[in-house]
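Only one structure is covered here, and it is reproduced in the block below.
The values are calculated or read from the model by the stated rules, or taken from the named source; none is laboratory data. No experiment lies behind these values; they were computed from the predicted model shown. Virtual Cβ from ideal backbone geometry, glycine too; neighbours counted across all protein chains shown.
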Amino acid sequence: MSTRRNFLATFPLLALTAVALFLPVGSGAHAQQNPTAALVEKPVSLPDMALGQSRAPITIVEYSSLTCPHCADFEENVLPMLQSKYIDTGKVRFVSREFPLDIKAAAASMLARCAANGDAPKFFEATTMLFKQQGPLMDRTTDTLKAVGGRFGMTAEAVEACVKDQALLDKLTADQQFAFDELKVDATPTFFINGERLRGSMSFEEFEARLTSHLKH
């Protein structure tokens, strides 16, 4: 589990101006039973990127950072099993929301949004690539962002323009502030299963136990 440090920083590699991102943990059951579930249910500034059917009986919302090792582990080792057994079978809708822990994660999140251009499968493809390139993302941020963007047909200039997009950054920041203030998210990954907040890494078996319990109701 990675906790977030407050920061006010520049992104000199791509000439981002000084930025403050907000950081910090939520809970629920169903919207009619728990007010937190109602808050989790709807996106704030950015549209949700989701896998699965909108009418699935269970919704999992993950708040993650692209520089969080535990989030990368979930992406590689847990999400594929959740997808094959629960998402693709119509039992679970999975929503990925950004909670960048640092300016490099923020830039990577912005790139994923630009590369996807509103297309959820492309968004998940981009975030998978970025998680797999987490080391290079930390060490050679500009080159890594340009390489990933290139896989989606983005020029180097388009990548640079994306991570300098103040309007996009403002939306990302607003969503993170909402998660911090209203949902009490202060670490990554944080999951909400039908509004129930779960903080930190979880194995597939731990997810399955909770999903099985929800499906029985």
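See the values below:
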read-out	value
Within the range 106-161, helices (runs of 4 or more DSSP H) holding 1 or more residues that are touching a strand residue (DSSP E or B) at 6+ places or on another chain (Cβ under 6 Å)	120-132
Some residue of the range 38-52 being farther than 25 Å from Glu182 by Cα and of a type outside the set (Phe, Trp, Tyr)	yes
Some residue of the range 73-94 being closer than 22 Å to Ala187 by Cα and small (Gly, Ala, Ser)	no
Of all residues making up the range 135-147, the number that are farther than 15 Å from Met110 by Cα and surrounded by 20 or more Cβ atoms within 10 Å (Cβ to Cβ)	0
Selected residue (criterion: modelled with the highest pLDDT) from residues of the range 31-42 that are surrounded by 15 or more Cβ atoms within 10 Å (Cβ to Cβ) and in a loop (DSSP other than H, G, I, E, B)	Asn34
Verdict on Phe152 being of a type in the set (Phe, Trp, Tyr) and buried (at least 20 other Cβ atoms within 10 Å of the Cβ)	no
Residue check for Leu101: part of a loop (DSSP other than H, G, I, E, B) and at pLDDT 95 or above	yes
Thr128 vs. criteria modelled with pLDDT of 95 or more, within 19 Å of Asp48 (Cα to Cα) and touching an Asp or Glu at 6+ places or on another chain (Cβ under 7 Å)	yes
All positions within the range 191-211 that are closer than 12 Å to Val40 by Cα and not acidic (Asp, Glu)	Phe191, Phe192, Ile193, Asn194, Gly195, Arg197
Among (1) touching a Phe, Trp or Tyr at 6+ places or on another chain (Cβ under 9 Å); (2) buried (at least 18 other Cβ atoms within 10 Å of the Cβ); (3) over 18 Å from Phe74 (Cα atoms) - the single one Asn194 does not satisfy	(1)
Some residue of the range 158-172 being crowded, with 18+ Cβ neighbours inside 10 Å, aliphatic (A, V, I, L, M), more than 22 Å from Ala50 (Cα to Cα) and in contact with a helix residue (DSSP H, G or I) (Cβ under 9 Å, 6 or more places away or on another chain)	yes
Residues of the range 87-109 satisfying the condition of being surrounded by fewer than 24 Cβ atoms within 10 Å (Cβ to Cβ) and aromatic (Phe, Trp, Tyr)	Phe94
Inter-residue pairs, beta-carbon under 8 Å, first under 20 Å from Gln133 (Cα atoms) and assigned to a helix (DSSP H, G or I) and in the range 53-71, second at pLDDT 95 or above and among the polar types (S, T, N, Q), 6+ apart	Pro69/Gln134; His70/Thr188; Cys71/Ser64; Cys71/Ser65; Cys71/Thr188
Selection from the range 185-207 of residues that are within 18 Å of Cys71 (Cα to Cα) and either over 16 Å from the mean Cα position of the chain (by Cα) or among the basic types (Lys, Arg) (or both)	Arg197, Arg199, Ser203, Phe204, Glu205, Glu206, Phe207
Complete set of residues in the range 185-206 that are out of contact with any Ser or Thr (no Cβ under 8 Å at 6 or more places or on another chain) and either farther than 11 Å from Glu62 by Cβ or in a loop (DSSP other than H, G, I, E, B) (or both)	Val185, Ser201, Met202, Ser203, Phe204, Glu205, Glu206
